[in-house]
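Novice: This structure is in structure tokens; I'll ask about it shortly.
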Amino acid sequence: MTRIFFIAIALGLVIAAVWAYEHDQKLTKNFPQVTIGDPNEVVRELLGDPSSQGECGEMALAPKNCVNEYLYRYWYSIFQPQYLVVWFDHDGKVIGEQQVRSRF
């Protein structure tokens, strides 16, 4: 019974690591395709659902007309978290994007 438990834990860790790697590769590949003026639907299509969404300026200084901000976290950046930030105006169009590292 103990052996099955540890095998299940190991399998779960392998699946999580593969998922995180694939997620980070998708962000790296598709982020350069995000352009000013893209609607938020295109951003979600390219990058997937954001890790968090909220008010502008959470991770970096936001553009003047920013109304909403998407944060995409790289899961393999453990010791110095890295994010992609995409800012939107009131029409839901991209007005800027940036790659940032956490201050920690």
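Rule-based calculations on the coordinates, nothing more; no lab input. On a predicted model such as this, the values are computed, not experimentally measured, just so you know. So basically every Cβ, Gly included, is an ideal-geometry build from the backbone, and we count neighbours across all protein chains shown.
Novice: Net charge near TRP87, counting Lys/Arg +1 and Asp/Glu -1 over other residues with Cβ under 9 Å of its Cβ? Working shown, then result.
Specialist: Numbers: positive: none; negative: GLU69, ASP89, GLU97.
Here the count lands on -3.
Novice: In addition: Starting from one equal scatterer on each C-alpha and no solvent at all, send me the Debye-based log10 I(q)/I(0) for segment 25-80 at q = 0.23, 0.29 Å⁻¹, two decimals.
Specialist: Ignoring solvent entirely, the Cα scatterers give -1.08, -1.36.
Novice: While we're looking at this one, here's another question. Measure nothing fancy, just the Cα-based angle from helix 2-30's long axis to the longest principal axis of the chain, in degrees from 0 to 90, nearest 10.
Specialist: Between the helix axis and the principal axis of the chain, the angle is about 20 degrees.
Novice: Now for a separate question. Ranked from highest to lowest mean number of other Cβ atoms within 10 Å per residue, what is the order of the peptides 30-37, 79-86, 59-66, 5-12? Mind showing how you got there, number by number?
Specialist: Values: 30-37: 12.6, 79-86: 17.0, 59-66: 15.0, 5-12: 9.8.
My ranking of the peptides, most packed first, is 79-86, 59-66, 30-37, 5-12.
Novice: Going out from 0 in 5 Å bins, what whole percent of all Cα-Cα distances in segment 2-101 drops into each bin?
Specialist: So the P(r) values, bin by bin, are 2, 13, 21, 21, 15, 9, 7, 5, 4, 2, 1, 0.
Novice: If amide hydrogens are placed 1.01 Å from N in the peptide plane, which non-local residues have theirs closer than 5 Å to the one on GLN82?
Specialist: For GLN82, the qualifying residues are TYR74, SER77, SER102.
Novice: Tabulate in residue order the Karplus-calculated ³J(HN,Hα) for segment 75-84, using 6.51 cos²θ - 1.76 cosθ + 1.60 with θ = phi - 60°, rounded to whole Hz; enter x for Gly and Pro.
Specialist: 6, 8, 9, 7, 7, 9, x, 10, 9, 10
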